[in-house]
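The values are calculated or read from the model by the stated rules, or taken from the named source; none is laboratory data. Worth saying up front: this structure is predicted, and the values here are computed from it rather than measured. Glycine gets a Cβ as well: all are built from the backbone with ideal geometry, and neighbour counts include every protein chain shown. Ligands, DNA and RNA are excluded from the accessible area calculation, which covers all protein heavy atoms including side chains. Shrake-Rupley method; radii C 1.70, N 1.55, O 1.52, S 1.80 Å.
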Amino acid sequence: MRTSALSAKVLALHAAVVVILFALNFVLPAYHHSVLARVMLLAVFAMGYNILFGYAGLLSLGHAMFFSAGLYGAGLTAYHLGWSMPAGFAAGIACGALLALVIGVLALRTTGVAFMIVTMMFAQVFYLLTFYFAEWTRGDGGIVLGRETRRIVVGDVHLDMTEPTTRYMLALAVFSIVLFITLIAVRSAFGRVLVAIRENEERTRMLGFDTFANKLAAVVLSGTICATAGAAYALLFGYIGSTFAGVQYSILPLLWVLLGGAATTLGPFVGTLFMYYVIDITSSYTSAYLLIVGAALILLVLFFPKGILGTIRERWVKWLP
């Protein structure tokens, strides 16, 4: 298949996903409307993780700190300093990008299991800091952002983030922008270098590529996307707390990516959507819902060993990005 035709199919697929999500805004009942808005932002978190794990092959257990950096960067500036939502959102992204740069420079001195452990240790330090500075963060209790804080006023236009449709559309906007940024990044020369590093870093270095610089760029891009998800989550849903910095929020994006398909652009969304609804539906019927979730995950791994979209791409639809 010609490259231009392939690119058109890929773009059409991603545009169709965005259009379907846009249309769902008008037909979903109130409960699922709110759930899908939350899923889209968590999928952005998973997309950021996928850049590093799926494409660069770097297993991190510390991505909760990037999500939380965006969460606290946006939430605390809005709550304590009275910053507007756009300014708080930008502050959250900047905090995540700066933290990712610092962590990347330090953690990339290690490889393999050591990299995983180092990122987990940094994340635990960040988690403990949210309790140490409880005067500002309020620890596990967290902070609820008031309605007056979650508004955007531009001239005569007033956007209220507590209004379900506004929240959904802004979540969709963040999801769509990050989705296409991810698609462009992974299909660029930079994305191909990351895949080469994942497959054989030594050979990639011998070909003349600066593997450290490319991996650092991947860490920064990954951390920035995760911080974007955290900043949007804080402002759209109005809550920030230490729970989001816990180790479980470093494991969840890994699980979502593996379920949807690592190194696929839509895999993180599919994995997040699947996992969220499996837990949501089963927990409404039984207190032993984790047993059902575990059985569903085992079946999925057996029949879709590379994740849902990863296996579909391998077996049937070869052009899936």
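List of remarks:
- Test: ALA23 is more than 25 Å from GLY139 (Cβ to Cβ), surrounded by fewer than 23 Cβ atoms within 10 Å (Cβ to Cβ) and either of a type in the set (Asp, Glu) or free of Cβ contacts under 8 Å to residues at least 40 places away in the same chain (or both): yes
- Checked against (1) in contact with a strand residue (DSSP E or B) (Cβ under 8 Å, 6 or more places away or on another chain); (2) surrounded by fewer than 17 Cβ atoms within 10 Å (Cβ to Cβ), TYR285 passes all but condition (1).
- ARG167 passes every criterion in (1) open to solvent by 50 Å² or more (accessible area, probe 1.4 Å); (2) within 24 Å of TYR79 (Cα to Cα); (3) part of a helix (DSSP H, G or I) apart from (1).
- When we screen ILE197, ILE181 for residues that are surrounded by 17 or more Cβ atoms within 10 Å (Cβ to Cβ), hydrophobic (A, V, I, L, M, F, W, C), over 29 Å from LEU81 (Cα atoms) and out of contact with any His (no Cβ under 7 Å at 6 or more places or on another chain), the only hit is ILE197.
- Those helices (runs of 4 or more DSSP H) lying entirely in segment 187-244 with at least 2 residues hydrophobic (A, V, I, L, M, F, W, C) and closer than 18 Å to ALA123 by Cβ: 211-237
- Total residues in segment 100-140 satisfying the condition of being in contact with a Gly (Cβ under 7 Å, 6 or more places away or on another chain) and hydroxyl-bearing (Ser, Thr, Tyr): the figure is 3.
- Among the residues making up segment 289-321, those that are among the aliphatic types (A, V, I, L, M), more than 20 Å from PRO253 (Cβ to Cβ), out of contact with any helix residue (DSSP H, G or I) (no Cβ under 7 Å at 6 or more places or on another chain) and surrounded by 11 or more Cβ atoms within 10 Å (Cβ to Cβ) are LEU291, ALA295, ILE312, VAL317.
- Flag: TRP136 does not match the condition of being over 20 Å from ILE51 (Cα atoms), part of a loop (DSSP other than H, G, I, E, B) and either touching a Pro at 6+ places or on another chain (Cβ under 6 Å) or of a type in the set (Phe, Trp, Tyr) (or both).
- Scan of segment 256-285 for residues that are in a loop (DSSP other than H, G, I, E, B) and more than 23 Å from SER34 (Cβ to Cβ), ordered by number: GLY261, ALA262, ALA263, THR264, THR265
- Test: residue in segment 48-71 that is closer than 24 Å to THR166 by Cβ and open to solvent by 10 Å² or more (accessible area, probe 1.4 Å): no
- Exactly one residue out of ALA218, ALA213, ALA263, ALA234 is at pLDDT 95 or above and in contact with a strand residue (DSSP E or B) (Cβ under 6 Å, 6 or more places away or on another chain), and it is ALA234.
- Test: residue in segment 146-160 that is within 22 Å of the chain's Cα centre (by Cα), surrounded by fewer than 18 Cβ atoms within 10 Å (Cβ to Cβ) and of a type outside the set (Lys, Arg): no
- Residue list for segment 104-122, restricted to those being of a type outside the set (Phe, Trp, Tyr), over 10 Å from MET65 (Cα atoms), in a helix (DSSP H, G or I) and touching a helix residue (DSSP H, G or I) at 6+ places or on another chain (Cβ under 8 Å): GLY104, VAL105, LEU106, ALA107, VAL118
- Residue within segment 87-97 that is surrounded by fewer than 24 Cβ atoms within 10 Å (Cβ to Cβ), under 30 Å from GLU202 (Cα atoms) and modelled with pLDDT of 95 or more present: yes
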